[in-house]
Amino acid sequence: MMLLGPFLMALILGIIILTFTWWFSNKGFTLFVRMLPGTIAIIVAVILFYIGFVNIRGFEGGAYGFIGFFLTIFSIISFVLGNTTIAR
């Protein structure tokens, strides 16, 4: 449960982030709007990692670190997805 719980939380948030990025790309929004979900995700990931490392520590802090790590991966995927142009 120590790894699966944070991974499941990050997976749910990552799917939501990728869905918003894909939807913004399909609707033809500007680059700023398409990058917004990934930017918010990377900010949340850094804050969660900081809270887990500095404030909580221990095994529970490691869980926050896992969530931050997986959210960072999803935000990078979101940046790539938002940066590509879809041919219509």
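A few notes on this one:
- Candidates Arg34, Arg57: the one that is over 11 Å from the mean Cα position of the chain (by Cα), within 22 Å of Thr84 (Cβ to Cβ) and among the basic types (Lys, Arg) is Arg34.
- Scanning segment 30-88 for residues that are hydroxyl-bearing (Ser, Thr, Tyr) and out of contact with any helix residue (DSSP H, G or I) (no Cβ under 6 Å at 6 or more places or on another chain) yields Thr30, Thr39, Tyr50, Thr84, Thr85.
- Among the residues of segment 12-40, those that are under 22 Å from Ala63 (Cα atoms) and either outside any helix (DSSP H, G or I) or without any contact (Cβ under 8 Å) to a residue 60 or more places away in the chain (or both) comprise Ile12, Ile15, Ile16, Gly38, Thr39, Ile40.
- Scanning segment 43-75 for residues that are surrounded by 20 or more Cβ atoms within 10 Å (Cβ to Cβ) and either among the hydrophobic types (A, V, I, L, M, F, W, C) or not in a helix (DSSP H, G or I) (or both) yields Ala45, Leu48, Ala63, Phe66, Ile67, Leu71, Phe74.
Read-outs throughout are calculated quantities, based only on the coordinates presented, and are distinct from any laboratory measurement. Just so we're clear, the structure is a prediction, and the values are computed from it rather than from any experiment. Don't worry about glycine lacking a Cβ; one is built from the backbone with ideal geometry, like all the others, and counts go over all protein chains shown.
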